[in-house]
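S.K.: I have a structure I would like to understand better, so I am pasting it below and will then ask my questions one at a time.
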Amino acid sequence: MSSLKELLAQRAALDEQISQTKDRERSDAIAKVKTLMSEYGLTLADLSTRAPRAVKVSKVAPKYRNQATGETWSGRGLQPKWLKAAIAGGAKLTDFAI
């Protein structure tokens with residue numbers, strides 16, 4: 001069985017090997033990319049990606065208005081509580097049409 005000192009020394013040696021291998025592979029990758037860039041005539045500007053454009057959400061004009069409070073509803077999605085309550089109270093949807 002290995003002692004703690006031996007295991008720590010092995011870990012230090014492995015960490016050093018990992019660091020050296022990482023640096024070497026990174027250098028190889030950079031050289032490969034530079035070769036491909038020169039071969040195809042690419043620049044750094046060619047590699048940059050554009051940020052995705054924000055999707056504009058267009059507002060829908062309101063179709064119904066509560067005359068008492070000024071609240072509106074476009075007619076899309078769930079009916080608002082004020083409209084449900086009014087309809088339940090006997091009003092018609094067309095009473096609130098703009």
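No value in this document is a laboratory result; all are computed from the given coordinates. Computed from a predicted structure; not experimentally measured. FYI the Cβ positions are ideal-geometry reconstructions off the backbone, even for glycines, and counts take in every protein chain you see.
S.K.: Just to verify a result, which residue in region 48-98, among those that are of a type in the set (Lys, Arg) and part of a loop (DSSP other than H, G, I, E, B), is nearest to LYS34 (Cα to Cα)? Can you show your working first?
M.R.: Of all residues in region 48-98, those of a type in the set (Lys, Arg) come to 50, 53, 56, 59, 63, 65, 76, 81, 84, 92.
From what is left, the residues that are part of a loop (DSSP other than H, G, I, E, B) are 50, 53, 56, 59, 63, 76, 92.
Details: ARG50: 22, ARG53: 30, LYS56: 39, LYS59: 48, LYS63: 60, ARG76: 54, LYS92: 71 Å.
Among residues in region 48-98 that are of a type in the set (Lys, Arg) and part of a loop (DSSP other than H, G, I, E, B), the one nearest to LYS34 (Cα to Cα) is ARG50.
S.K.: Take ALA45 and decide whether it is surrounded by fewer than 10 Cβ atoms within 10 Å (Cβ to Cβ) and part of a helix (DSSP H, G or I). Write out each step before concluding.
M.R.: Working: surrounded by fewer than 10 Cβ atoms within 10 Å (Cβ to Cβ): yes; part of a helix (DSSP H, G or I): yes.
Criteria met by ALA45.
S.K.: Looking at region 50-62, is at least one residue without any contact (Cβ under 8 Å) to a residue 12 or more places away in the chain and surrounded by 10 or more Cβ atoms within 10 Å (Cβ to Cβ)?
M.R.: Checked region 50-62: no residue is without any contact (Cβ under 8 Å) to a residue 12 or more places away in the chain and surrounded by 10 or more Cβ atoms within 10 Å (Cβ to Cβ).
S.K.: Say whether the condition of being loosely packed, with under 10 Cβ neighbours inside 10 Å, part of a loop (DSSP other than H, G, I, E, B) and among the polar types (S, T, N, Q) is met by at least one residue in region 21-38.
M.R.: no
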